[in-house]
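Data first, discussion second: the structure below is written as structure tokens.
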Amino acid sequence: TALITGAAQGIGLACAKALEADGASVILADIEKDAVTLAAQKISSTAWGTFVDMGDKDSILDLFAQIENKQGPIDILVNNAGVALPNDFLSYSCDDFDRVISVNLKGPFIATQRAAKSMKDHRIAGAIINMSSINANVAIETIPAYCASKGGINQLTKAAALALAPYGIRVNAVGPGSIDTAMLAGVNADKEKMKMVLSRTPLGRLGTGEDVANAVVFLASDKAGYI
């Protein structure tokens, strides 16, 4: 059983499709309830979608209670949900900064801790995959909170991996570069920005959600059992 957050579209939806194809029973969670429900219906008759606000602790805990009451504990968690909220650095509001950190960093911590407790209690050698970013290392001035959150995800991943390894629970992160999703729509629409992005991309193309999903499926599988 795999739970994927932020799964109504983009990378999260691609991960849900790929995990389903690899044999997992998938649960898609997103703040866009109608969209995620429809997305799940399109994947298979057994996939299901539900609401979660990853910036709200109670919403996350309610999600896990709902899943466990309906289907039992999960084996795989993909912490994919995220927001960027770009703005000029000098005009960046504390409210926006707090929202990004809450969704992108605090939410994954809460979900990871909650999932791991169930995995430990049920002796499940589970896998947790966090969605980091190239912006954990390379900054963009208009998304300071996003950059900070992804740097935090890298360290959270390392801390969780150390803490949970004794229980057979593996924690890893994937750090996508420029991926052709809605988050990159503004860059896609600007020829000069796209030229800049591709100039630093050796393969000369944007990545796809499927490119990222393939890495996630590998890290969730027994083939990555020592990673």
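Summary of computed values
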read-out	value
Matching option when the condition is over 26 Å from Gly151 (Cβ atoms) and open to solvent by 60 Å² or more (accessible area, probe 1.4 Å), among Phe89, Phe51, Phe64, Phe97	Phe51
Filter pass, Phe51 being within 21 Å of Leu85 (Cβ to Cβ) and in contact with a Lys or Arg (Cβ under 6 Å, 6 or more places away or on another chain)	yes
Residue that is at pLDDT 80 or above, farther than 18 Å from Ile76 by Cβ and under 21 Å from the mean Cα position of the chain (by Cα), where the choices are Gly152, Gly225	Gly152
Filtered residues of the range 155-176 (kept if over 14 Å from the mean Cα position of the chain (by Cα) and closer than 30 Å to Pro202 by Cβ)	Gln155, Lys158, Ala161, Arg170
Any pair with Cβ under 7 angstrom, 6 or more apart, that starts in the range 17-30 at a residue that is among the hydroxyl-bearing types (Ser, Thr, Tyr) and ends at one that is open to solvent by 40 Å² or more (accessible area, probe 1.4 Å)	Ser25/Thr46
Filtered residues of the range 81-109 (kept if under 22 Å from Thr157 (Cβ atoms), in a helix (DSSP H, G or I) and of a type in the set (A, V, I, L, M, F, W, C))	Phe97, Val100, Ile101, Val103, Leu105, Phe109
All positions within the range 10-48 that are in contact with a helix residue (DSSP H, G or I) (Cβ under 7 Å, 6 or more places away or on another chain), open to solvent by less than 20 Å² (accessible area, probe 1.4 Å) and of a type in the set (Gly, Ala, Ser)	Ala14, Ala16, Ala29, Ala39, Ala47
Boolean, Thr112 is open to solvent by less than 20 Å² (accessible area, probe 1.4 Å) and polar (S, T, N, Q)	yes
Any hit, the range 183-197, residues being of a type in the set (A, V, I, L, M, F, W, C), outside any loop (DSSP other than H, G, I, E, B) and under 18 Å from the mean Cα position of the chain (by Cα)	yes
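The values are calculated or read from the model by the stated rules, or taken from the named source; none is laboratory data. Computed from a predicted model, the values in this text were never measured in an experiment. Positions of Cβ are backbone-derived with ideal geometry, glycine not excepted, and every protein chain shown enters the neighbour counts. The area values use the complete protein model at the heavy-atom level, side chains included, leaving out ligands, DNA and RNA. Shrake-Rupley method; radii C 1.70, N 1.55, O 1.52, S 1.80 Å.
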